[in-house]
Every structure is written in structure tokens, then in C-alpha cells.
Amino acid sequence: YLISAAIYVIASAMVYLTSLIQGLLITQGVEVVWAFRIPFFIFIAIGTLCAFIASFSIKEKDYVVPKSCSFSMLKSMKETFRYRIFAVMAVGFLVMWISFGFFNASLVYDITVLLALPDIWMTIVPGISIVVTLIFYPIVGKIAKTFGKKIPLCVAMGIYALLYFGVYLCGVFNIAESPTLLKIVVAVIIGVCNGIPLAAT
């Protein structure tokens, strides 16, 4: 599981190389719009290739016993969501991943506007997060085995709440006008604080 999660995180980190690739393409005379498009075409090709490899190389029947189901999909969903604990967990995970999506989508704005750092920091900050995530994987695993999964997840959500509030304060206190060293320190803190919850989730 840890290997699978690590590969997921590393693959996700590749998307943050977009600004770096874009900068290199622009220096080679590529138009700005195509400098954005080309990296995503590359990622689409890599993702498609990986999906095909998984689809055609893994024999599903080697790992599961197929069983026919007489329930319709709608009835299956109703029966599943009758379990209150599962319903709460499903809603919780939905909210969690939406918040992750908002945070990652706004990272470009946070770095380039709120912190007024160069575009290269759009690669550096997620890179810090990935390194921290990989470091914390075994730590989170040990905590989960000892105390259960609830504690690391609750701590992760608490860190994310503080992280959101911290980013908000960057705008309130106009960190963009601060000395460069302070802005870099804040960017590194964001990267580190983002990495710990990623390891837990």
C-alpha cells in the first residue's frame, strides 16, 4: 500500500512541473498558450499509457472471484448508504478531497500573488510537500497501527485548517510587500504543512 501511495504522490507531483516546463518552452520561443498546453499533452500521454499498461497486464480474475448481483445499481447504493457510519465516512472523504482540490488549485495564486514569488516556486513548494509526504509515510503508518487511523486523520485535518487560515493571513498582512526572505520562509512552511496531511490521507 505504501508503494502504491508513494507512486500516486510522485505522479501527482509531476503536474507541478508544468510551470518549469512552461518556462523552458517559452525560452525556446514557444508561445505562452502552447507552453501551457504542451506539458499537459505530455501528462495525458503518460497517463493514458499507464492506464493501458494496468488494464492489459493485470488479470483481474487472478485476484477476485466474480459473483453475479441481482441488485440494480440504485438499490445497491441505497442499501450501502443505509449504513450511517459509511455514509458519514463517504461525505467526510468527499469534503476532504474537495478541500484538497481547492487548496491545490489556489496554490498558483497563493505563491504568485499573495507571496509575490517567481513562477519557479510553483514547482518548489509542491516539491517540498512531496518530500515531506514521503518522509512522513512510515511515521503515519506506525501511528495508525498503534493508535488507529482516526487520530492521524483528525490531526491532518487540523493542520489543513491552520494552513488555510495561514494563507488567509498572508493576504490580510500583505506578505507580498515583505522582504523576500520572509516570503520564502512562508512558502517553505506552506510546503511542509501541506506535506504532513497528504501523508496521513
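Residue separation times 0.36 nm, minus the C-alpha to C-alpha distance between S99 and S4: what's the value?
Working: separation 95, 0.36 × 95 = 34.20 nm, distance 2.25 nm.
Between S99 and S4, full extension yields 32.0 nm more.
Its Cα gyration tensor gives the stretch 84-139 an equivalent ellipsoid. The semi-axes, each the square root of 5 times an eigenvalue, are 29, 17, 6 Å from largest down. Between the C-alpha center of the stretch 70-100 and that of the stretch 115-144 there is a gap of 30 Å. Counting only protein chain heavy atoms and rolling a 1.4 Å probe, the accessible areas of M96, M14 rank, largest first, as M14, M96. The orientation-averaged shadow of the Cα convex hull for the stretch 120-160, equal to a quarter of the hull surface, comes to 3.0 nm².
What's the FRET efficiency of I189 with Q28 using the Cβ-Cβ distance as r and R₀ = 35 Å, to the nearest 0.05? The pair I189/Q28 has a calculated efficiency of 0.55.
If the elastic network links every pair of Cα atoms under 10 Å, which of V113, V65, V125 fluctuates the most in the Gaussian network model of the chain? Comparing V113, V65, V125 in a Gaussian network model of the chain, the most mobile one is V65. Calculated mean residue ellipticity, 222 nm, the chain: -26500 deg cm²/dmol, from DSSP H runs (n ≥ 4) at -39500 (n - 2.57) each, averaged per residue and rounded to 500. Couplings 3J(HN,Hα) for the stretch 109-125, derived from phi with the Karplus relation 6.51 cos²θ - 1.76 cosθ + 1.60 (θ = phi - 60°), are 5, 4, 7, 7, 9, 5, 9, 6, 9, x, 4, 4, 6, 5, 9, 5, 4 Hz, where x marks Gly and Pro.
Fully extending the segment from D119 to F147, taken as 0.36 nm per residue of separation minus the present Cα-Cα distance, adds 6.0 nm. Within the listed set V131, V167, V64, the Gaussian network model of the chain (springs between alpha-carbon atoms below 10 Å) gives the highest mean-square fluctuation for V64.
Given a Förster radius of 30 Å and the C-beta distance between I139 and D62 as r, what FRET efficiency does 1/(1 + (r/R0)^6) yield to the nearest 0.05? Display every interim value, and only then the final one.
Numbers: r = 34 Å, r/R0 = 1.12.
Between I139 and D62 the formula returns 0.35.
I'd like the carbon and sulfur percentage of the solvent accessible area for the chain, probe radius 1.4 Å, heavy atoms only, ligands and nucleic acids excluded.
Working: 10320 of 13820 Å².
Of the solvent-accessible surface of the chain, carbon and sulfur hold 75 percent.
The shape of the chain can be summarised by an equivalent ellipsoid whose semi-axes, obtained from the alpha carbon gyration tensor, come to 35, 25, 17 Å from longest to shortest. Gyration tensor analysis over the Cα atoms of the stretch 111-201 returns equivalent ellipsoid semi-axes of 28, 14, 8 Å (largest first, whole Å). Rg and Dmax, both from the Cα atoms of the stretch 26-76 and both in Å, are 20.6, 60. Phi angles of the stretch 25-34 translate, via the Karplus equation with coefficients 6.51, -1.76, 1.60 and θ = phi - 60°, into HN-Hα couplings of 5, 5, 5, 8, x, 6, 4, 4, 4, 6 Hz per residue; Gly and Pro are given as x. Normalised by the number of residues in the stretch 58-193, the average gap of Cα pairs under 8 Å and 6 or more apart makes the relative contact order 30 percent. For the options C50, C170, C154, a Gaussian network treatment of the chain with springs between C-alpha atoms closer than 10 Å singles out C50 as fluctuating the most.
Phi-derived couplings, Karplus 6.51 cos²θ - 1.76 cosθ + 1.60 at θ = phi - 60°, listed residue by residue for the stretch 80-93: 5, 7, 5, 6, 4, 4, 5, 4, 4, 4, 5, 5, x, 5 Hz, with x used for Gly and Pro.
Hey, can you find the accessible area per residue of the chain for me, probe 1.4 Å, expressed in square angstrom? The partial results should precede the final answer.
Values: 13820 Å² over 201 residues.
For the chain, the solvent-accessible area averages 69 Å² per residue.
Between I46 and C154, full extension at 0.36 nm per residue minus the direct alpha carbon distance yields a gain of 35.4 nm.
Once all protein chains are placed together, V33 keeps about 80 Å² accessible to a 1.4 angstrom probe.
The values are calculated or read from the model by the stated rules, or taken from the named source; none is laboratory data. Given the structure is predicted, the values throughout are model-derived calculations rather than measurements. Ideal geometry is used to build each Cβ from the backbone, glycine not excepted, and the neighbour counts take in all protein chains shown. We work out accessible area using only protein heavy atoms, side chains counted, and drop any ligands, DNA or RNA first. Shrake-Rupley method; radii C 1.70, N 1.55, O 1.52, S 1.80 Å.
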